Amino acid sequence: MYEFIKGKIHQLSPAHVVIESYGVGYYLNITLNTYARLQGKDEEVLLYTHFVVREDAHVMFGFLNTNERETFRLLISVSGVGPNTARMMLSSMPAGEVKKAICDENVGLLKSIKGIGAKTAERIIVDLKDKFSSDIDDEMITSVNNTLKIEALSALEVLGFPKKHSDKVLDKLILANPAITVEQLIKQALKVL
């Protein structure tokens, strides 16, 4: 129904965000991974959405990227996995790690997530393993780069550099050298900033 919502953050918590877009406040349930990447009130954001219509409620979920949303959609396609369970899975680990656990048939890791038992973990693996196996390598590289960027960004913030400008600089540096270490990334960013 809604592909994405773009606007300013009006309210932010680890479980939800309210985005004001053209005078309307949209309440979106979010994962902890999305929450960690949002800055706070009055930040301009674009969140990709998934709308769930139930008999007792209409609920909207927001995701910072389409990869996380597609993983969410595939998870809720599994019998016994509802939207809140899928959100819990994506809050416990990034989408790339969820996919890797499924492809590696790591029942123990999936069971460690609140609300996932052995049978549900096995059902998720059986239903989704083939759907995830082809694109897992690229996403793991992206996941590593995101962790690298987050660490470097927090270090630059501590040093007093503005987050938005630092974010753009880090993106360029990571794109130019994907094998860069955190220390090298911070040193090169300091030269540019």
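Within the range 1-18, restricting attention to residues that are of a type in the set (A, V, I, L, M, F, W, C) and assigned to a strand (DSSP E or B), the residue that is surrounded by the most Cβ atoms within 10 Å (Cβ to Cβ) is VAL17.
Taking into account only those residues within the range 39-57 that are closer than 14 Å to LEU28 by Cα and within 22 Å of the chain's Cα centre (by Cα), which is surrounded by the most Cβ atoms within 10 Å (Cβ to Cβ)?
Filtering the range 39-57 down to residues closer than 14 Å to LEU28 by Cα leaves 45-53, 57.
Retained after the next criterion (residues that are within 22 Å of the chain's Cα centre (by Cα)): 45-52.
Values: VAL45: 20, LEU46: 13, LEU47: 24, TYR48: 21, THR49: 17, HIS50: 21, PHE51: 11, VAL52: 14.
Of everything passing the filter in the range 39-57, LEU47 is surrounded by the most Cβ atoms within 10 Å (Cβ to Cβ).
Taking the range 69-101 as the range and being in a helix (DSSP H, G or I), over 11 Å from the mean Cα position of the chain (by Cα) and under 17 Å from VAL53 (Cβ atoms) as the test, the residues that pass are ARG73, ILE76, PRO83, ASN84, ALA86. When residues in the range 31-68 are screened for being in contact with a strand residue (DSSP E or B) (Cβ under 6 Å, 6 or more places away or on another chain) and more than 17 Å from ILE9 (Cα to Cα), 5 of them pass.
Screening LEU47, LEU12 for residues that are over 21 Å from LEU75 (Cβ atoms), touching a helix residue (DSSP H, G or I) at 6+ places or on another chain (Cβ under 8 Å) and either at pLDDT 95 or above or not assigned by TED's automatic domain parsing to the domain that holds ILE113 (or both) leaves exactly one candidate, LEU12. Scan the range 26-67 residue by residue and report those that are part of a strand (DSSP E or B) and more than 17 Å from PRO83 (Cβ to Cβ). Within the range 26-67, GLU44, VAL45, LEU46 qualify.
The values are calculated or read from the model by the stated rules, or taken from the named source; none is laboratory data. Note that this is a predicted model, so its numbers are computed, not measured. Heads up, the Cβs are rebuilt from the backbone with ideal geometry, glycines too, and the neighbour counts pull from every protein chain shown.
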